[in-house]
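Enquirer: Just dropping this structure here.
The values are calculated or read from the model by the stated rules, or taken from the named source; none is laboratory data. Everything numeric in this text was worked out from a predicted model, so none of it was measured. So basically every Cβ, Gly included, is an ideal-geometry build from the backbone, and we count neighbours across all protein chains shown.
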Amino acid sequence: MTKYIIRRVLGLIPTIFIIITICFFFIRLAPGGPFSSEKKLPPQILKNMQKKYHMDQPLIVQYGQYLVDVLRGDLGPSYKYKDYDVNYFIKQTLPKSMLLGGLALLVALILGIGTGMISSLKRNSWIDYSSMSVAVIGISVPLFVIAPILMYIFAMKLNWLPVAGWLDDGGAKTLVLPVLSLSAPYFAMIARLSRASFLDSLRSDYIRTARAKGLKTSVIMFKHVLKGASLPVVSYLGPAFSGIITGSIVIEQIFRIPGLGRHFVQSAFNRDYTMIMGTVIVYSLILVFMNFLVDIIYGYLDPRISYS
Amino acid sequence: MKKDIILKVEGLKTYFNTDEGVVKAVDGVSFELSKGETLGLVGESGSGKSVSNLSIMSLIPSPPGKIMGGKVLFGDKSIFDLSEEEMRNIRGGKIGMIFQDPMTSLNPFLRISTQMVETIVLHKKVSKHEAKKRAIEMLDLVGIPKAYDRINDYPHQFSGGMRQRVMIAMALSCDPEVLIADEPTSALDVTIQAQILELIQSLSKKLGTAVIMITHDLGVVAGMCDNVNVMYAGRIVEKGTNDEIFADPKHPYTQGLIKSVPRLDKPKQKRLYSIEGQPPNVIDLPECCPFFPRCEFAMDKCKTAYPPVTKFGDTREVSCWLYEEKTRGE
């Protein structure tokens, strides 16, 4: 097991390296640069600026220098915000995005698996039909529609929750709407997935055995069904988390949350090369790590998988 | 000698509502099981053998299945009148069950120890530690080598035959009065089949457990059953002791079944006998003897009404118009 983990972690290095390389050259293919604006800068100033950020050197040298910096844990200065470096922005904003995304995933998992479980137990009843209809809505209606609707109902009309903002200006209440809207599509997907896999498990021979042993339904559900039935949900966690990260970019805009997602979008508009690179590296690290975690959980849940 | 009856099934009817119509999987099945007896329940696939026994355990998936009539008496309790909790005490505690496919009947995600201990703790009301001791004893008894170590393994670390042994150990771990074995050897290699059957037979004798042996294999029945019930299309068509059924099969279906077993002690036949045709579709079956389309003795009467039960002595019952005619003629 330890060997496997070490091997997987070593495997992460080339993945991240390839991502950095592709990203580094691709963003420079786009027209314009960090210092191009509507009003052209005088050539001498532009030259000085480029010199300051080593952009006058050949691309391959810049690339090499960047790699060395990244290895040292330095993501470089922002090209747009003078005197700030990328590390500072990430340190400031990443915890907020992670809290938002993590909570959304947690809510989606708990509600989704719970709904799936109840639906499978009461299959073809009105509970099943209505929760699966809600799930279809959750899957098909995009985030940027769900969020304003929730905002309109709970913030504007009922006045229960703040419209936007973050912990510092509104307390924990500000989390409710963003987390709910961000988790909605994933809740829906997980509910449908787990309903199907719970049904599958419930029909299996080993559950018949468990019933024939006289076990209670609750014991059967949580001890005998849950482990096997959660496998498809676990495999969905990787894609779900990447979806939640991209979704949080939208949600952070709508709810005015000072998270990393905003910088991700803004930096692309600004051609802020180092900032783009920094956010891409952070996001890909998170995703790669999540996939790795999923594999570990999978092996823990299913004893038939061995890591040798 | 008065028999000590522990399980009595009377007129059991289990139907399934499907889109195509009502499937009468079990349509009026009655039988008795006495202490220590081994009862064979024989029939083709779909004749209602398994459904009858799942009905006894109230394990019919509902919907679509529904018990439409009849009674099951376990001791003096009527099973369908019991609460869910009382029923759970019977399942696994008083009636143990083993299934056809040992590869899928154990939970692949849980250790053998977990699966055995939970059953014993539930029914025997003992501590986990004692339950584990008991589980190891049982695994020893069914012939799992190094049971002390192997109990911590997962099902996929056992072969099919070994898994069926584990199932038997689990089913017998709470000293049930009845063991229902639903085609316990159909999914196993022939060499393993004999071992498993011997194991069931010797353990049931040793522990005094009555066994309902569901099978389509007449060899199994001949080898180990005291009494035999032959099922066809959801009903029992013939009952008798082992000797009676094999020496003198009365129902044309039983005769056909026995004739279609390859025999070593008879000169080699050119072709093995087989009963022509297919078992009937039990959806919306009209009032008739369901066997008449395949029966070589079919009469007009067979097409219009189900034959009544004709008794021969204390132990034999046949449902066939042939005998109803004869007994009336005498």
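Enquirer: If only one of A:Pro148, A:Pro162 is away from chain B (no Cβ under 14 Å), surrounded by 19 or more Cβ atoms within 10 Å (Cβ to Cβ) and in contact (Cβ under 8 Å) with a residue 12 or more places away in the chain, which one is it?
Expert: On the way: A:Pro148 fails: surrounded by 19 or more Cβ atoms within 10 Å (Cβ to Cβ).
Within the list A:Pro148, A:Pro162, the selection yields A:Pro162.
Enquirer: Within region A:289-308, take every residue that is away from chain B (no Cβ under 14 Å), surrounded by fewer than 18 Cβ atoms within 10 Å (Cβ to Cβ) and among the hydrophobic types (A, V, I, L, M, F, W, C) and give me the one that is farthest from A:Ser235 (Cα to Cα).
Expert: Taking the candidates together, the pick is A:Phe289.
Let's see how each residue does on (1) among the hydrophobic types (A, V, I, L, M, F, W, C); (2) more than 14 Å from chain B (Cβ to nearest Cβ); (3) within 30 Å of A:Ser284 (Cβ to Cβ):
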{"position": "A:Met156", "(1), (2), (3)": "yes, yes, no"}
{"position": "A:Asp169", "(1), (2), (3)": "no, yes, no"}
{"position": "A:Ala172", "(1), (2), (3)": "yes, yes, no"}
{"position": "A:Val179", "(1), (2), (3)": "yes, yes, yes"}
{"position": "A:Ala184", "(1), (2), (3)": "yes, yes, yes"}
{"position": "A:Asp200", "(1), (2), (3)": "no, no, no"}
{"position": "A:Gly243", "(1), (2), (3)": "no, yes, yes"}
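Enquirer: Kindly provide the set of residues from region A:13-30 that are over 15 Å from A:Ile276 (Cβ atoms) and modelled with pLDDT under 85, ordered by number. Break it down stepwise before answering.
Expert: If we filter region A:13-30 for residues that are over 15 Å from A:Ile276 (Cβ atoms), which is where we start, we get A:13-18.
Matches in region A:13-30: none.
Enquirer: Take the residues in region B:55-69 that are touching a helix residue (DSSP H, G or I) at 6+ places or on another chain (Cβ under 8 Å) and in contact (Cβ under 8 Å) with a residue 40 or more places away in the chain; name whichever of them is nearest to the other protein chains (Cβ to nearest Cβ).
Expert: Of the residues in region B:55-69, the ones touching a helix residue (DSSP H, G or I) at 6+ places or on another chain (Cβ under 8 Å) are B:56-60, B:65, B:67.
Now restrict to residues that are in contact (Cβ under 8 Å) with a residue 40 or more places away in the chain: B:56-57, B:60, B:65, B:67.
Details: B:Ile56: 11, B:Met57: 6, B:Ile60: 11, B:Gly65: 13, B:Ile67: 16 Å.
By that ranking, first place goes to B:Met57.
Enquirer: Look at B:Thr119 and say whether it is assigned to a helix (DSSP H, G or I), free of Cβ contacts under 8 Å to residues at least 12 places away in the same chain and either within 8 Å of chain A (Cβ to nearest Cβ) or closer than 27 Å to A:Leu231 by Cβ (or both). Please lay out each step first, then the result.
Expert: Details: assigned to a helix (DSSP H, G or I): yes; free of Cβ contacts under 8 Å to residues at least 12 places away in the same chain: no; either within 8 Å of chain A (Cβ to nearest Cβ) or closer than 27 Å to A:Leu231 by Cβ (or both): yes.
No: the conditions fail for B:Thr119.
Enquirer: Looking at B:Glu238, B:Glu244, B:Glu276, which one is surrounded by fewer than 23 Cβ atoms within 10 Å (Cβ to Cβ), out of contact with any Pro (no Cβ under 6 Å at 6 or more places or on another chain) and not in a loop (DSSP other than H, G, I, E, B)? Break it down into steps so the answer makes sense when it comes.
Expert: Details: B:Glu238 fails: surrounded by fewer than 23 Cβ atoms within 10 Å (Cβ to Cβ); B:Glu276 fails: not in a loop (DSSP other than H, G, I, E, B).
When all the criteria are applied, what remains is B:Glu244.
Residues checked against (1) crowded, with 20+ Cβ neighbours inside 10 Å; (2) out of contact with any strand residue (DSSP E or B) (no Cβ under 7 Å at 6 or more places or on another chain); (3) touching a residue at least 12 places away in the same chain (Cβ under 8 Å); (4) in a helix (DSSP H, G or I):
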residue: B:Glu130; (1), (2), (3), (4): no, yes, no, yes
residue: B:Lys133; (1), (2), (3), (4): no, yes, no, yes
residue: B:Met138; (1), (2), (3), (4): yes, yes, yes, yes
residue: B:Tyr148; (1), (2), (3), (4): no, yes, yes, yes
residue: B:Asn152; (1), (2), (3), (4): no, yes, yes, no
residue: B:His156; (1), (2), (3), (4): no, yes, yes, yes
residue: B:Arg163; (1), (2), (3), (4): yes, yes, yes, yes
residue: B:Met167; (1), (2), (3), (4): yes, no, yes, yes
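Enquirer: Just a yes or no: is a residue in region A:249-265 touching a residue at least 12 places away in the same chain (Cβ under 8 Å), buried (at least 24 other Cβ atoms within 10 Å of the Cβ), within 22 Å of A:Asp69 (Cβ to Cβ) and of a type outside the set (Gly, Ala, Ser)?
Expert: Taking every residue of region A:249-265 in turn, at least one turns out to be touching a residue at least 12 places away in the same chain (Cβ under 8 Å), buried (at least 24 other Cβ atoms within 10 Å of the Cβ), within 22 Å of A:Asp69 (Cβ to Cβ) and of a type outside the set (Gly, Ala, Ser).
Enquirer: Also, I was wondering about something else. Among residues belonging to region A:85-136 that are of a type in the set (Phe, Trp, Tyr) and modelled with pLDDT of 90 or more, point out the one that is farthest from A:Ala164 (Cα to Cα). Spell out the reasoning first.
Expert: Keep residues of region A:85-136 that are of a type in the set (Phe, Trp, Tyr), which gives A:88-89, A:126, A:129.
Among the residues that remain, those that are also modelled with pLDDT of 90 or more are: A:126, A:129.
Details: A:Trp126: 35, A:Tyr129: 33 Å.
Ranking the candidates gives A:Trp126 first.
Enquirer: Out of A:Ala210, A:Ala188, which single residue is of a type outside the set (Phe, Trp, Tyr) and within 14 Å of another protein chain (Cβ to nearest Cβ)? Please lay out each step first, then the result.
Expert: Numbers: A:Ala188 fails: within 14 Å of another protein chain (Cβ to nearest Cβ).
When all the criteria are applied, what remains is A:Ala210.
Enquirer: Please state which of the following conditions B:Ile144 fails to meet, knowing it meets all the rest: (1) in contact with a Lys or Arg (Cβ under 7 Å, 6 or more places away or on another chain); (2) part of a helix (DSSP H, G or I).
Expert: B:Ile144 satisfies every listed condition except (2).
Enquirer: Evaluate region B:165-177: report whether one residue or more is closer than 18 Å to B:Gly96 by Cα, within 25 Å of the chain's Cα centre (by Cα) and among the basic types (Lys, Arg). Working first, answer last.
Expert: Going through region B:165-177, the residues closer than 18 Å to B:Gly96 by Cα turn out to be B:165-177.
Filter again for within 25 Å of the chain's Cα centre (by Cα), leaving B:165-177.
Subset that is among the basic types (Lys, Arg): B:165.
The answer is yes, given that some residue of region B:165-177 is closer than 18 Å to B:Gly96 by Cα, within 25 Å of the chain's Cα centre (by Cα) and among the basic types (Lys, Arg).
Enquirer: Still on this structure: Tally up the residues in region B:248-265 that are surrounded by fewer than 12 Cβ atoms within 10 Å (Cβ to Cβ) and modelled with pLDDT of 85 or more, please.
Expert: We begin by selecting, within region B:248-265, every residue surrounded by fewer than 12 Cβ atoms within 10 Å (Cβ to Cβ); these are B:262-265.
Cutting the leftovers down to modelled with pLDDT of 85 or more gives us none.
Number of matching residues: 0.
Enquirer: Conditions first: (1) crowded, with 19+ Cβ neighbours inside 10 Å; (2) in a loop (DSSP other than H, G, I, E, B); (3) more than 17 Å from the chain's Cα centre (by Cα). A:Leu193 passes all but one, so which condition is the exception?
Expert: (2)
Enquirer: Pick from B:Gly93, B:Gly46: which is within 14 Å of another protein chain (Cβ to nearest Cβ), within 23 Å of the chain's Cα centre (by Cα), part of a loop (DSSP other than H, G, I, E, B) and touching a residue at least 24 places away in the same chain (Cβ under 8 Å)? Let's see the steps before the verdict.
Expert: On the way: B:Gly46 fails: within 14 Å of another protein chain (Cβ to nearest Cβ).
Sole residue among the options that is within 14 Å of another protein chain (Cβ to nearest Cβ), within 23 Å of the chain's Cα centre (by Cα), part of a loop (DSSP other than H, G, I, E, B) and touching a residue at least 24 places away in the same chain (Cβ under 8 Å): B:Gly93.
Enquirer: Any idea which of A:Phe26, A:Phe17, A:Phe35 is aromatic (Phe, Trp, Tyr) and exposed (fewer than 12 other Cβ atoms within 10 Å of the Cβ)? Explain how you work it out, then say what you get.
Expert: Values: A:Phe17 fails: exposed (fewer than 12 other Cβ atoms within 10 Å of the Cβ); A:Phe35 fails: exposed (fewer than 12 other Cβ atoms within 10 Å of the Cβ).
Result of the check over A:Phe26, A:Phe17, A:Phe35: A:Phe26.
Enquirer: Something else: Would you call B:Pro155 within 14 Å of chain A (Cβ to nearest Cβ), over 30 Å from B:Gly256 (Cβ atoms) and at pLDDT 90 or above?
Expert: On the way: within 14 Å of chain A (Cβ to nearest Cβ): yes; over 30 Å from B:Gly256 (Cβ atoms): yes; at pLDDT 90 or above: yes.
Answer is yes for this residue.
Enquirer: Could you grab me the full set of residues in region B:49-86 that are surrounded by 19 or more Cβ atoms within 10 Å (Cβ to Cβ) and outside any strand (DSSP E or B)?
Expert: Passing the criteria: B:Lys49, B:Ser50, B:Val51, B:Ser52, B:Asn53, B:Leu54, B:Ser55, B:Ile56, B:Met57, B:Ile60, B:Ile79.
Enquirer: Looking only at region B:266-292, filter to residues that are modelled with pLDDT under 75 and farther than 25 Å from B:Ala25 by Cβ; which one of those is nearest to the chain's Cα centre (by Cα)?
Expert: My answer is B:Lys266.
Enquirer: Would you pick out the residues in region A:221-241 that are of a type outside the set (S, T, N, Q) and either more than 10 Å from chain B (Cβ to nearest Cβ) or more than 21 Å from A:Met117 (Cα to Cα) (or both)? Give the derivation first.
Expert: Within region A:221-241, the subset of a type outside the set (S, T, N, Q) is A:221-229, A:231-234, A:236-241.
Once the filter is applied, which keeps residues that are of a type outside the set (S, T, N, Q) and either more than 10 Å from chain B (Cβ to nearest Cβ) or more than 21 Å from A:Met117 (Cα to Cα) (or both), region A:221-241 yields A:Met221, A:Phe222, A:Pro232, A:Val233, A:Val234, A:Tyr236, A:Leu237, A:Gly238, A:Pro239, A:Ala240, A:Phe241.
Enquirer: Out of B:Ser78, B:Ser186, B:Ser173, which single residue is within 11 Å of chain A (Cβ to nearest Cβ) and among the hydroxyl-bearing types (Ser, Thr, Tyr)?
Expert: Only one candidate qualifies: B:Ser173.
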